[in-house]
Structures are given as structure tokens and as C-alpha cells.
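Everything on this sheet refers to the single structure shown next.
The values are calculated or read from the model by the stated rules, or taken from the named source; none is laboratory data. Bear in mind the structure is a predicted one, so any value in this text is a computation, not a measurement. Every residue, glycine among them, receives a Cβ derived from its backbone with ideal geometry; neighbour counts consider all protein chains shown. Note: areas computed on protein heavy atoms with side chains; ligands, DNA, RNA excluded. Shrake-Rupley method; radii C 1.70, N 1.55, O 1.52, S 1.80 Å.
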Amino acid sequence: MGLIELCEQYFNTTNLYDVLQITDKATEKDVKKAYHKLSLKVHPDRVNDDKKIEATKKFQVLGAVHAILSDKDKRAVYDETKCVDEEVSLTDRDWSTYWRLLFKKITDEDIIAYEKEYVGSEEERKDLKHAYLTGKGDMDYIVDQIQFARTEHEPRLRGILMEMIDKGEIPTYKIFTHEPAKKRQKRIAKENREAQEAEELKSELGLGSGNSLELMIKQRQESRANQMSSLIDGLAAKYGGSKPKMAKRKGSETNNAKIKRKRRN
């Protein structure tokens, strides 16, 4: 299968520049930066086992796209013809080695430093706008696309998107302004599961115990849920519709119900 067809299959576009989310005016540095950023999201070593096959294919496609757009002659041919003049076999090249030769090994300190630089930046705002429009306001999609977007960051991200909506930069999607509480709780549950898996892997690798990430998330969960509920209520009030109904907890009773039950006994 040709590279163009593979791009369409895995990235829903036949345009190599769109795959890397850049324009045809991008510099060589822009091409490398875009490739680095996207390849980190789908790197086979950074995803769960159930996503490894697809991630590997996407990683290989990204490598092939970069190999063309970073080569002056190949890029010139593509710009003129919008075609790739050869069939691409993704397994013919070791794209992991190709990647490692381009980028230095990333340390924990690098990731922490990059997170501090990225969070709240214009780049994050741009990525957030793109994810909102592509996902049509679906917060599950947005959180999955934005780097470092843990659930405790959602109020801040929603605030940025609300500002864009108020300014007319992006349309209003009901799925965003009236997101069901259950949908938000599923994201929290997913994050908890992933945190538990990370702790178990950490233990298996003998990397030390320390505080459980899952426990830290659970400790923040109540205040985060209250913060999210307040924000969603505000959105519902502003954009019409009734207040989202909170799911009734199993086994919970009101004070009146408890009193009546005691009287019956």
C-alpha cells in the first residue's frame, strides 16, 4: 500500500502536511518539531498493549512522512505533484532507530521541564482549539489529544475554551456545554485505572514504592468533582437547558428517610 493511502487510513488525510498538522510553508525545524510531538503520542513504547499494533503503524507512517518532508528534493517533488513516487513498505526501515537518531533520549527531567513550558502556553491553546474543533466539543477526545491533560486540569481547559466561545473563535457544541456527569466520571475512572497500572508496573520494575499515584488522584477526586459540577452547572445556565442531574448514589438515604425507617422499626 502506498504512503498516501496509509495516511488516509491512519490519519484521515491524503496530505502529508496535514498528517503532521503543519502547512506547506513549514520550515525544516517546524517539520522536525511536529514529527517529534506527534510521534511521542503514538510511540509503541508509550501505549497500552491493546493499542500497540495501531500505534506502531501510525509511528511508522509518521516516520515515512517526515523522511519525505525533511528531504529537500523529495519534498520539492511532493509539493509539485502531491504524489509519492514509490510504494512504501513500512517494515523495510527500522523507524525506531530512525527516531532515536533524530532525537536524544528523553529523561524525566526533560518531561517535567517541557510540561511546565507547555501548560498555559500559546501552543497549548492552539492545540486545544484544534482538538475542540476536530472532536466537535467531545471532552473525551480533547483530553486524549492534549498533552498533560489530566482530569484535574479540565476546569482550566474548559475555561480557555469558554473564553474562545465567548469571543466567537469556536462554535458552541452541546456535548461540551451539557456534558453528562457520568461521562466525566468515566474519565476519572479510566485515569485511576491507568494510574494503578503504572504503580503496578513501577513495582514490578523495582523502581521504589513512594506514594501511590492512584491514591493521590482519589484524594483530589472529591474537590475536583465539586469544581467540575460547579463549572458544568454554570455552562448549562449560560447556554440554556436544565441543570445536569446528579446520579443518586447507591445505598444513600436522606435524613427524613432514615428517621422514617427508624420509626417503622
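Results, tabulated for the structure shown:
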read-out	value
Pair list, Cβ under 6 Å, 6 or more apart: region 178-199 residue at negative phi, other residue in a helix (DSSP H, G or I) and modelled with pLDDT of 85 or more	GLU179/MET139
Boolean, LYS72 is at pLDDT 85 or above, within 16 Å of LEU20 (Cα to Cα), open to solvent by 20 Å² or more (accessible area, probe 1.4 Å) and of a type in the set (Lys, Arg)	no
In region 83-92, the residues that are surrounded by 12 or more Cβ atoms within 10 Å (Cβ to Cβ) and either outside any loop (DSSP other than H, G, I, E, B) or modelled with pLDDT of 90 or more (or both)	LEU90
Residues satisfying the stated conditions in region 3-13, i.e. without any contact (Cβ under 8 Å) to a residue 24 or more places away in the chain and over 16 Å from GLU54 (Cα atoms)	THR13
Filter pass, TYR98 being at pLDDT below 85 and open to solvent by less than 40 Å² (accessible area, probe 1.4 Å)	yes
Region 20-47: number of residues that are open to solvent by 30 Å² or more (accessible area, probe 1.4 Å), in a helix (DSSP H, G or I) and over 26 Å from GLU194 (Cβ atoms)	5
Pick from region 175-205, criterion open to solvent by less than 70 Å² (accessible area, probe 1.4 Å) and charged (D, E, K, R), ranking: modelled with the lowest pLDDT	LYS202
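Quick grid of which residues meet (1) crowded, with 18+ Cβ neighbours inside 10 Å; (2) farther than 26 Å from LYS51 by Cβ; (3) within 10 Å of the chain's Cα centre (by Cα); (4) without any contact (Cβ under 8 Å) to a residue 40 or more places away in the chain:
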{"position": "GLU122", "(1), (2), (3), (4)": "no, yes, no, yes"}
{"position": "LYS129", "(1), (2), (3), (4)": "no, no, no, no"}
{"position": "ILE146", "(1), (2), (3), (4)": "yes, no, yes, yes"}
{"position": "ARG150", "(1), (2), (3), (4)": "no, no, yes, no"}
{"position": "LEU161", "(1), (2), (3), (4)": "yes, yes, no, yes"}
